[in-house]
Structures are given as structure tokens and as C-alpha cells.
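The structure appears below as C-alpha cells.
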Amino acid sequence: MNPAIEFRNVFLSFGDHEVLHDVSFTLDQGAMIVLTGVSGSGKSILLRLAMGLIKSDSGQIFIEGREIENLNEPELLNIRGGLMGMVFQEDSLFTGLTVYENAAYRLEEHGWSDEEVQTAVSEVLRFVGLDGEEAKLPEELSGGMKRRLEIARALIGWPRIMLFDEPTMSLDPLAALKVLDLIIRARDINHVSSLYVTKKIHELDYLANPKTTVMVLENGRIVFRGSVEEFKTSELTAIKELAALDHHDHLTDPYFPDPWDKRRRPAETIL
């Protein structure tokens, strides 16, 4: 099978400022890449390139074998609407629409029937734990619930590729854990290929599985690529700088060594 995402020698500059320099990597089907680095290293820009929201100066970007630089806007919209979903760093909910309408929006935009939309919305809201909240407006939801609704809207119709731009930012530990559990479920049960951006390196252990790779960007260049264990033992300066930014004691955080641990109480488990 073709990789879910492939970058080949991608360069991008804004004016005289080089944002990405010779970036090459492959995200395999059903795998996860955790992309990290300090602020301004190019992480969010890389996601927008993968979505075709901006174009590179040179190099090639492939989504399941299709070079997106050669696609026209309707073809790109088809990829974004069916093949890929993205959870943006900033709040992107429609404040005047209900939970149901926010979740349904993407499918209605692409011509799904009312019956198909209703089935898909019911399924995805149940998946993110928002069933029964369909009539509420975003202002009636907590921060964690809003983030889960954004994930529901991105997952509607079960795209094969998901892009997450710091989805747990500004969430308390319990709300963040619920979001991580959803991402793990999508990866491990639905085999969604994921490109996950974060500066919270304490999340890596929780997200790790044999198909998880960590990639570190520094000044637009990939300076590290390896397993979670290799990341944790690396002496690379860029990784030490990331670790130094985290001043929080995570010993009391509600994480488990194994998110699929059967000993978790029913209210805590992702199953």
C-alpha cells in the first residue's frame, strides 16, 4: 500500500525566512508520527502543507500516493472532505450551531443524505462521549467537551488520515486524558493514520505503540526521528530544550503505563 503521507525534500520560505528545509518523512498506513519541537519550529506549517492549505516552494507531498501539489482545488477539497480530518490548535467550532450541527457540517457540505448524516453523527458523538448533548450550543460545553466535539467533527465519516495540532493544549489533565484516549482508540481500533503535533513530551509514553515514531523539528529541519524510547534517552540539544520547558510535576497526572490496561475502572477506560 502507498504510505498515508509522504514528504520528499520539501522546502518552504515566507519571504527571507525559511520555514521548512529539506523535510522528508513517511507516515505508514495505520501508524502514528508524534511531531514535536519548540514554538516556531515549523510543526503547524507542516500540517497545513499536508492538508494542501498552503503550497511548498519545492519538493513533493503525497497523500496515499497522490501528489497533492498537482491537484486542483476541487480535488483537494475531496481529499480534505473524505480522506483526511484535522483538529486545529485554535477553537474552530461554529458558535451558532448545535453539537449535532457542528458534527454534521462536513458531511452535509459533501452531499450526504439526511439519513446517512444522522447515522454518522450518532456514531461519532457516541464515540467521543457526547451522545445526549446534541441540542447544546458550544457555549454550554466545557473546554474538554468542546475539544471532543472538534475531534468528532474531524472524525465524522471515519477519514483514514487524521492531523492533530496540539489537541490537548490548555486542557486540564483529566480532559486531556479523555482526548488522548479518543486519539488512541481511533488509531488502534479504526486504524486511522495519525500525524500528532505536541510540545507536551510527557504524552509520548501514553501514545507509544510499536507503530509510533517521534519526529523533532528544529528551525524547520528534522533533527531526530526514532522510537519513544530512543527519544527519551537521546542527548540531542533540541530534545533537552523541550524537556527544560516542562516545569510541571506529572507524577500525579491520571496517566497509565498502558492505556488499554484492563485494571482501569470503567469510567476511566478507553474501551
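Okay, here's what the table says:
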item	result
Hits in the range 177-214 - residues which are surrounded by fewer than 20 Cβ atoms within 10 Å (Cβ to Cβ) and either without any contact (Cβ under 8 Å) to a residue 24 or more places away in the chain or at positive phi (or both)	Ile189, His191, Pro210
Scan of the range 11-36 for residues that are on the phi > 0 side of the Ramachandran plot and not acidic (Asp, Glu), ordered by number	Gly15, Gly30
Test: residue in the range 164-176 that is of a type in the set (Asp, Glu) and crowded, with 16+ Cβ neighbours inside 10 Å	yes
Residue in the range 142-158 that is nearest to Arg185 (Cα to Cα), counting only those that are assigned to a loop (DSSP other than H, G, I, E, B) and not small (Gly, Ala, Ser)	Trp158
Residue list for the range 179-215, restricted to those being in a helix (DSSP H, G or I) and either under 19 Å from Val38 (Cβ atoms) or of a type in the set (A, V, I, L, M, F, W, C) (or both)	Val179, Leu180, Leu182, Ile183, Ile184, Ala186, Ile201, His202, Glu203, Leu204, Leu207
Flag if Ile61 is buried (at least 18 other Cβ atoms within 10 Å of the Cβ), touching a helix residue (DSSP H, G or I) at 6+ places or on another chain (Cβ under 7 Å), touching a residue at least 12 places away in the same chain (Cβ under 8 Å) and farther than 22 Å from Arg185 by Cα	yes
Pair list, Cβ under 8 Å, 6 or more apart: the range 217-234 residue surrounded by fewer than 16 Cβ atoms within 10 Å (Cβ to Cβ), other residue in a loop (DSSP other than H, G, I, E, B) and of a type in the set (S, T, N, Q)	Asn219/Ser41; Gly226/Ser234
Test: Pro167 is assigned to a loop (DSSP other than H, G, I, E, B), within 14 Å of the chain's Cα centre (by Cα) and within 28 Å of Ser13 (Cα to Cα)	yes
Residue in the range 13-23 that is farthest from the chain's Cα centre (by Cα), counting only those that are farther than 9 Å from Gly59 by Cα and part of a strand (DSSP E or B)	His17
Of the criteria (1) in contact with a strand residue (DSSP E or B) (Cβ under 7 Å, 6 or more places away or on another chain); (2) surrounded by fewer than 18 Cβ atoms within 10 Å (Cβ to Cβ); (3) not basic (Lys, Arg), which one Ser39 fails	(1)
Test: residue in the range 123-133 that is touching a Gly at 6+ places or on another chain (Cβ under 9 Å), within 27 Å of Ile33 (Cβ to Cβ), surrounded by 21 or more Cβ atoms within 10 Å (Cβ to Cβ) and hydrophobic (A, V, I, L, M, F, W, C)	yes
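Taken together, the values in this text are just the output of simple stated rules run on the coordinates, not laboratory data. What you are looking at is a predicted structure, and each value in this text was computed from that prediction instead of being measured. Because the Cβ atoms are built from the backbone with ideal geometry, glycine has one as well, and the counts that use them run over all protein chains shown.
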